[in-house]
Amino acid sequence: MSKVTIEEVKAHLRITDNGNDALLTQKLAAAEAHVAAYIGAPLAVDGQVPAPIREAVLQATAWLFDGTPADLSLLLIPYREWAF
């Protein structure tokens, strides 16, 4: 189940119609998987997605949808679980 809603994604991208909902849902799932893999932990902390992680998911979704460049590492480094 998605931690970020399709409505949040559409608001972030300033999309008002439903014509791309299926594609946006696909891109959102990929973005959430990418962010979770990068930080090496679940997106939610105590049932809530921290604002920087939510923003990273939104930016990653935009990048996958329309090619908007995003440097997600600045938002995600504090949440990354390092393994040595």
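Odds and ends about this structure:
- Of all residues in region 55-84, those that are within 17 Å of Lys27 (Cα to Cα) and of a type outside the set (Val, Ile, Thr) have Cβ atoms under 7 Å from Cβ atoms of residues that are assigned to a loop (DSSP other than H, G, I, E, B) and modelled with pLDDT of 80 or more, 6 or more apart or on another chain, in Leu58/Val4.
- Residue count for region 64-78 under the criterion of being buried (at least 17 other Cβ atoms within 10 Å of the Cβ) and assigned to a helix (DSSP H, G or I): the result is 4.
- Tally of residues being modelled with pLDDT of 90 or more and either more than 19 Å from Thr5 (Cα to Cα) or of a type in the set (D, E, K, R) (or both) across region 38-84: 6
- Among (1) in contact (Cβ under 8 Å) with a residue 40 or more places away in the chain; (2) outside any helix (DSSP H, G or I); (3) exposed (fewer than 13 other Cβ atoms within 10 Å of the Cβ) - the single one Lys3 does not satisfy: (3)
- Count of region 6-47 residues which are outside any helix (DSSP H, G or I) and either farther than 25 Å from Glu81 by Cα or of a type outside the set (Val, Ile, Thr) (or both): 14
The values are calculated or read from the model by the stated rules, or taken from the named source; none is laboratory data. Nothing here was measured: the structure is a model prediction, and the numbers come from that model. With ideal geometry, Cβ positions are generated from the backbone for all residues, glycine too; neighbour counts draw on all protein chains shown.
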